[in-house]
Amino acid sequence: MTSEDGRESKGPETKQTHRLERKWTFWFDNQSKSKQGAAWGTSLRKVYTFDTVEEFWCLYDQIFRPSKLPANADLHLFKTGVEPKWEDPECANGGKWTVTSSRKANLDTMWLETLMALIGEQFDESDEICGVVASVRQRQDKLALWTKTSTNEAAQMSIGRKWKEIIDVTDKITYSFHDDSRRDKSIRGRYNV
Ligand code: MGP
């Protein structure tokens, strides 16, 4: 449709959408459903890829809330093309900042604040970010922000500080290397902020 001044105008039924800087993908892993002894990752599923603000809110309203999940389930939002696995080339040399939560309401709020910060590109080192994982566990729920280059301490510290501001956390949080988690579960964090 063309208006009188010659510019393209949208028809009455066309809704305007707001495109994000990049594409993001939600993943879901319901480990409570996976068979005993099954290899890690067999229940991990890619759920939905989006690149507009409108799709994000639609998805968030309908399903993507950690408090709705059963125990032992994980929900992920990762950059499209990056798989939420240590084995993915973007994650292989990376690590994660982890924050725990004992209240479901709190987990939901921190999750939403993190999602908005990611899709809104609020981190200065956005190239360093892989994605975020919400894990519902019997003991304690947690959120983990995965980043790409674990040895780049300056970048990780900056991301950790910014993340704490975003989710309004004042307690110390810890960064662990995927390499350590892979090799030896007893090795704890490498950086604290
Ligand atoms: P987890 O899901 O990060 O911790 O890893 P969880 O379930 O909260 O349990 P916790 O007791 O360690 O706190 C749990 C286990 O899943 C790891 O020790 C690995 O055996 C396996 N695992 C987790 N991840 C993220 C991966 C991965 O990316 N690749 C592979 N191969 N195994 C993984």
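Observations, loosely collected:
- Matching residues in region 58-70 - criterion: being open to solvent by 60 Å² or more (accessible area, probe 1.4 Å), over 16 Å from A144 (Cα atoms) and either aromatic (F, W, Y) or at pLDDT below 90 (or both): D61, Q62, I63, K68
- Looking only at region 23-47, residues that are under 21 Å from the mean Cα position of the chain (by Cα) and either away from the ligand (no atom under 13 Å from the Cβ) or farther than 13 Å from V82 by Cα (or both) come to 17 in all.
- Looking only at region 161-193, and only at residues there that are among the charged types (D, E, K, R) and touching a Gly at 6+ places or on another chain (Cβ under 9 Å), the one that is farthest from the ligand (Cβ to nearest atom): R190
- Any hit, region 97-107, residues being within 19 Å of T25 (Cα to Cα) and open to solvent by 10 Å² or more (accessible area, probe 1.4 Å): no
- Restricted to region 135-153, and to residues there that are open to solvent by 30 Å² or more (accessible area, probe 1.4 Å) and closer than 15 Å to G94 by Cβ, the residue that is nearest to the chain's Cα centre (by Cα) is K148.
- Residue check, G120 away from the ligand (no atom under 16 Å from the Cβ) and either crowded, with 20+ Cβ neighbours inside 10 Å or within 21 Å of F56 (Cα to Cα) (or both): yes
- Residues that are open to solvent by less than 80 Å² (accessible area, probe 1.4 Å) and over 21 Å from the mean Cα position of the chain (by Cα) were ranked within region 1-22; the one that is modelled with the lowest pLDDT is S3.
- On the stretch given as region 32-57, residues that are open to solvent by less than 100 Å² (accessible area, probe 1.4 Å) and over 20 Å from W111 (Cα atoms) total 8.
- The set of residues from region 154-187 being more than 15 Å from N93 (Cβ to Cβ), out of contact with any strand residue (DSSP E or B) (no Cβ under 7 Å at 6 or more places or on another chain) and not polar (S, T, N, Q) comprises A154, R161, K162, K164, E165, I166, D168, D171, D184, K185, I187.
- Of the candidates A92, A73, the single residue that is within 23 Å of R139 (Cβ to Cβ), aliphatic (A, V, I, L, M) and open to solvent by less than 70 Å² (accessible area, probe 1.4 Å) is A73.
The values are calculated or read from the model by the stated rules, or taken from the named source; none is laboratory data. Note that the structure is predicted; figures quoted are calculated from it, not measured. FYI the Cβ positions are ideal-geometry reconstructions off the backbone, even for glycines, and counts take in every protein chain you see. Heads up: the accessible areas ignore ligands, DNA and RNA and are worked out on the full protein's heavy atoms, side chains in. Shrake-Rupley method; radii C 1.70, N 1.55, O 1.52, S 1.80 Å.
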